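Below is one structure, written out as structure tokens; comments come after it.
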Amino acid sequence: MCPGRAHSRVAAFFVCIVCVVFAGVLRAARAIGATLAIAPRRLAPVAQAAFGAAFAPALLAFLPVYAQAAAADALQEFLSTTQSASGTFTQQILRDGRVVESSRGHFAFERPGRFRWEVTEPFEQVLLGDGERLYFYDKDLNQVTVRKLRDALASTPAAILFGSSDVESGFRLRALAERDGLDWIEALPRNAETGYQRIELGFRGGLPAAMQVQDAFGRTVRFEFHDVVRDPRLAADTFRFVPPPTADVVEQ
């Protein structure tokens with residue numbers, strides 16, 4: 001396999017995801033020439049009321065608190081009440097504000113630690129966690145990389161979407177201003193060696209609608225989530241992966 005060809009292949013997550021396409025995962029991904037996000041190697045007037053000068057300071061002080069509560073509540077509700085979900089995603093990799101790569105696919109997860117993040121266009125890739133192991137399958141390269149899920153999931157973007165409700169053990173959380181109709185929250189990794197700098201997660205109606213990840217290489221990976229269904233019926237084999245007979249399997 002050509003080293004340059006493998007190096008240009010970008011792998012996830014998200015989970016988000018994603019899931020995304022994840023330093024546990026990133027460290028594994030870098031070892032196979034990938035980065036955090038799953039993606040193909042070839043190249044995602046607020047009106048002010050006239051309350052008067054006496055009330056304006058109080059109003060301005062209240063708005064950030066309200067935004068913080070909305071974002072924090074949305075994240076906590078999602079973590080504590082959503083046992084599983086499914087949907088579709090689009091993903092873009094940006095450099096200097098320009099989209100350099102894009103992909104799309106579908107995802108599903110079931111807590112704790114079971115998820116499937118599958119890129120379908122323009123190339124086929126699968127990132128799957130079965131609760132014990134993490135599999136990354138690149139159909140074009142006919143290669144499967146396997147590692148322990150617990151090591152790969154901690155303090156990654158996937159941990160926010162697919163992990164347990166104890167998200168603050170791996171991240172420092174801070175509410176951001178509402179934008180694009182979404183309630184945003186920022187997650188900064190407590191581990192400085194994760195390979196990415198920050199995550200922003202946007203919620204609408206208590207469900208994730210967007211996520212942005214800034215990696216250590218100056219890139220921004222942007223995800224949008226669509227058709228998200230809370231606690232759907234999932235097929236029994238959704239989180240089961242059997243490597244193709246001819247695939248090269250690499251255990252890490």
Spin-label model distance (nm) - Ser80 vs Gln214, 7 Å beyond Cα toward Cβ: 3.0
Accessible area (Å², 1.4 Å probe, nearest 10) - Lys148: 140
Proportion of all alpha-carbon pairs of segment 100-168 beyond 18 Å (%): 39
Heavy-atom surface of segment 115-202, accessible at 1.4 Å and reported per residue (Å²): 44
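Can you send over the carbon and sulfur percentage of the accessible area for segment 146-252, probe radius 1.4 Å, protein chains only? Don't jump to the answer; show the numbers that get you there.
Values: 2580 of 5630 Å².
It is 46 percent, rounded to a whole number.
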Cβ-based net charge around Asp183, under 15 Å, with every Lys or Arg adding one and every Asp or Glu removing one: -3
Coarse-grained scattering of segment 101-252 at q = 0.13, 0.18, 0.20 Å⁻¹, given as base-10 log I(q)/I(0) from a Debye sum over alpha-carbon atoms: -0.65, -1.28, -1.53
Relative packing of 204-217, 108-121, which averages over residues the other C-beta atoms within 10 Å, highest first: 108-121, 204-217
Formal net charge of residues neighbouring Ala236 (Cβ-Cβ distance under 13 Å; K, R +1; D, E -1): +1
Cα convex hull volume per residue for segment 87-129 (Å³): 78
Where labels lie 7 Å past Cα in the beta-carbon direction, separation of Leu188 and Asp231 in nm: 3.6
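The values are calculated or read from the model by the stated rules, or taken from the named source; none is laboratory data. The shown structure was predicted, so the numbers you read here are calculated from the model rather than taken from an experiment. In this analysis, Cβ positions are derived from the backbone assuming ideal geometry, glycine residues included, and neighbour counts consider all displayed protein chains. Only protein heavy atoms, including side chains, enter the accessible area calculation; ligands, DNA and RNA are left aside. Shrake-Rupley method; radii C 1.70, N 1.55, O 1.52, S 1.80 Å.
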